[in-house]
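The values are calculated or read from the model by the stated rules, or taken from the named source; none is laboratory data. Keep in mind that what you see is a predicted model, and the values were worked out from it rather than measured. Positions of Cβ are generated from backbone atoms using ideal geometry, with glycine treated the same way; all protein chains shown enter the neighbour counts. In case anyone asks, the SASA skips ligands and DNA or RNA and just uses the protein heavy atoms, side chains included. Shrake-Rupley method; radii C 1.70, N 1.55, O 1.52, S 1.80 Å.
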Amino acid sequence: MAGGRKVLSPDHIRALIKEAIGIIEGDHAIQAEATAEIAAIEAAYASSNPEPRPKRWTRT
């Protein structure tokens, strides 16, 4: 990852653990629920922290 280390929120960590438990126990309902939570958390983060726009190239 460019730009440094990523820090996860407590909600993101909890959802990842929930997903792992679903995978380990073979519980597809828990796994699907956690996957949806993770997607929502990542979407909220992406919308609040947009990627910086690339700089335009200019002739010198």
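Can you tally the net charge around ALA29? Count Lys and Arg as +1, Asp and Glu as -1, for every other residue whose Cβ sits under 15 Å from the Cβ of ALA29. Once positives and negatives cancel, what remains is -4.
Using a probe radius of 1.4 angstrom, the carbon and sulfur fraction of the accessible surface of the stretch 4-47 is 65%.
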